[in-house]
Amino acid sequence: MSDSLDDLFARLARSDFRARFRLRGRELEYLRAKGLAEVMEHAARFIDERLAPAAPPNDGKQTPYGKHPVFVAQHATATCCRGCLAKLHSIPAGRELTEADRLHVLTVLERWLRAQEVVNA
Ligand SMILES: [Zn+2]
């Protein structure tokens, strides 16, 4: 688990790859149409199904680059696969995510999505 979310977001901002992700186009429209609460319910489901298992199917390639605001947020925050979770969030691969891990991921995703709402307001 990262020391603090501020440190984590500072590290993400220094990554050219992570920092280029923005919410725009249809993913931004989707967030506006559904609202953050509903989008975060989707996020919880995606995390449970695609990230939480000890060995997620297709790990490393399970997160599309668009089509849903949460997928964009996952790439921007390095919560896209277990390799990135291990590298940037110090959450070990090879075991199921704990409730605390899931909460951490959801907190990170919500923070990123809220920031995008502000940027695009
Ligand atoms: Zn990844």
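Only four residue types carry charge here, +1 at the Cβ of Lys and Arg and -1 at the Cβ of Asp and Glu. Report the dipole size of the chain about the Cα centre in Debye, rounded to the nearest 20. If you can, show how the numbers build up before the last one.
Values: 19 positive and 16 negative charges, 103 e Å.
For this selection, approximately 500 debye.
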Value at 222 nm in deg cm²/dmol, rounded to 500, when DSSP H runs of n ≥ 4 in the chain each add -39,500 (n - 2.57): -17500 deg cm²/dmol
Base-10 log of normalised Debye intensity for the chain (one unit scatterer per alpha-carbon) at q = 0.16, 0.17, 0.22 Å⁻¹: -0.70, -0.80, -1.36
Straight-distance crosslink candidates among lysines, where the alpha carbon sits under 26 Å from LYS87 and sequence neighbours closer than 8 are dropped: LYS61, LYS67
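First select every other residue whose beta carbon is under 12 angstrom from the beta carbon of ASP48; then total the charges, Lys and Arg +1, Asp and Glu -1. Please list the in-between numbers first.
Numbers: positive: ARG45, ARG50, ARG102; negative: GLU41, GLU49, GLU96, GLU99, ASP101.
Net of charged neighbours comes to -2.
Values in this text are rule-based calculations from the coordinates and carry no lab data. Bear in mind the structure is a predicted one, so any value in this text is a computation, not a measurement. Glycine gets a Cβ as well: all are built from the backbone with ideal geometry, and neighbour counts include every protein chain shown.
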